[in-house]
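What follows is a set of notes on a single structure, which appears directly below.
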Amino acid sequence: MQKLKYESPAIQKMNAGLMNKYGSRTEYEPVKQIDGVAVKDLIAQYGSPLFVISERTIRRTYQNAVRAFKTRYPKVQFAWSYKTNYINAVCKVFHQEGSWAEVVSGFEYRKALGNGVPGNKIIFNGPEKTNEELKLAITNDSLIHIDHFEELYQLIDLSDELGKQPRVAIRVNMDTGIYPMWDRFGFNFENGQAWSAIQKIVQSGKLQLTGLHCHIGTFMLSTDAYAIAVKKLGELAMNAKTQLNTQIQYLDLGGGLPSANTLRGAYLPGSDTIPSVDEFAEAISNALFQIGFSSNELPLLILESGRALIDDAGYLLGSVLANKRLSDGRRATIMDFGVNILFTSFWYEHKISPAQDFTHHTEDMVLYGPLCMNIDVVRQSVNLPLLNRGDQVVVHKVGAYNMTQWMQFIQMRPNVVMIDEKGNTHLIREAETLAYIEQMEKMPEHLKHFSL
């Protein structure tokens, strides 16, 4: 038997945190493999830290969401939210499953085209679209979601220039009982902006009003809020039909469905508190049927969910660098990954699992990253077994936003690996190098030489 490393005892101040009736949760079940591939083998081959994506989990999660909605409503289409995770291999899995692309920038739009998505299956959202980007979208017959009146007038001018009628929708913001209300984007329902925009589009004769779109918030925990959103979009659609003789072809409810992650400060883990995808599907479908559309005029329901479809499929593997005691006696463990690549640690309490066997001793501790900045905190308080230098851990549910919001701050970004459904591993994004980071830099001639 391997001799355990001695750690001297220490007197420490009790840090109980906020009181709650559920008590503290321990998180020390070892996770030694992901989809049948050993964590230690993955780190040995690809290094630490390392992002791992489970293709099997993506497909099963997506298929479950499609089932939940299509068994309740006859016309449903998902559109993969590129901003959530736009690594091409990840996007291709969703497109193979039948998902369209939803993008919020010209950069993402070109990625979707490069991934082989037909132009008429790309939804172009976002408040900034240049003339060149809009021309590209119009030429490719994409669905353009208008965010403000300036963009509406911009599209009217471009329709004259190109001699085409772009297919458009408007983004609508509204009060659904969720606060703060997301009214930064789109046209407001309550003050009449949305109806005014609809009238201007139809009366211009230059644009094809094909849909209505909303995105009421993020990590939504209320199914009722979506039902309210459906009711208000439905009211606009009915008015467009009766007053403007314009048939709305689709209602796009955007995204915002939560993953099973746990928000910071929550009493219970997210898996115990978030509504299921079936509950969201039930609320949305019931609201759609209550609008009053005839059976042959039911609009297509589009969903742009990202986080709920990819979070569970992502893991971050890392290693322990060191342990120390803070001034108040708390144990602090320093990892080789931080908030630079785990951006969601700012709002989630990610589950952390050791990747090897351990003793039964556990302790509340702080998990820090390796960055020279005081806010580099992966977990502010977590109960784990005593981890030693070189031990490895698995961070769960990191598939959403971390690989699009990560930073080149102090440390370079690591490899990303996908495990396919047969258990084979594929490097889908290489770790960065100094040459990669410096390739866009230019050096003025007078700074090229110096003597110290």
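The values are calculated or read from the model by the stated rules, or taken from the named source; none is laboratory data. Worth saying up front: this structure is predicted, and the values here are computed from it rather than measured. Positions of Cβ are generated from backbone atoms using ideal geometry, with glycine treated the same way; all protein chains shown enter the neighbour counts.
One table, with the values for the structure above:
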quantity	calculated
Wholly within the stretch 90-172, helices (runs of 4 or more DSSP H) carrying at least 2 residues that are touching a strand residue (DSSP E or B) at 6+ places or on another chain (Cβ under 6 Å)	106-114
Failed item, numbered, when VAL382 is tested on (1) modelled with pLDDT under 95; (2) surrounded by fewer than 21 Cβ atoms within 10 Å (Cβ to Cβ)	(2)
Where a residue in the stretch 135-147 is under 20 Å from ASN188 (Cα atoms) and modelled with pLDDT of 95 or more and its partner, wherever it lies, is of a type in the set (D, E, K, R) and not in a loop (DSSP other than H, G, I, E, B), with Cβ under 8 Å and at least six apart	ILE144/ARG167; HIS145/ARG171; HIS145/ASP252; ILE146/ARG171; ASP147/ARG171
Flag for GLY98 being more than 26 Å from ALA283 (Cβ to Cβ), without any contact (Cβ under 8 Å) to a residue 40 or more places away in the chain and surrounded by fewer than 17 Cβ atoms within 10 Å (Cβ to Cβ)	no
Test: residue in the stretch 157-167 that is touching a helix residue (DSSP H, G or I) at 6+ places or on another chain (Cβ under 9 Å) and aliphatic (A, V, I, L, M)	yes
Search result, residues across the stretch 312-339 that are free of Cβ contacts under 8 Å to residues at least 12 places away in the same chain and touching a Ser or Thr at 6+ places or on another chain (Cβ under 9 Å)	LYS324
Residues of the stretch 306-347 that turn out to be part of a strand (DSSP E or B) and buried (at least 24 other Cβ atoms within 10 Å of the Cβ), as a count	7
Filtered residues of the stretch 332-364 (kept if over 30 Å from ARG59 (Cα atoms) and at pLDDT below 95)	ASP357, PHE358, THR359, HIS360, HIS361, THR362, GLU363, ASP364
Residue among GLY399, GLY390 that alone is of a type outside the set (Val, Ile, Thr), on the phi > 0 side of the Ramachandran plot and at pLDDT 95 or above	GLY390
Evaluation of ILE284 against (1) in a loop (DSSP other than H, G, I, E, B); (2) within 29 Å of VAL103 (Cβ to Cβ); (3) of a type in the set (A, V, I, L, M) (one fails), failing number	(1)
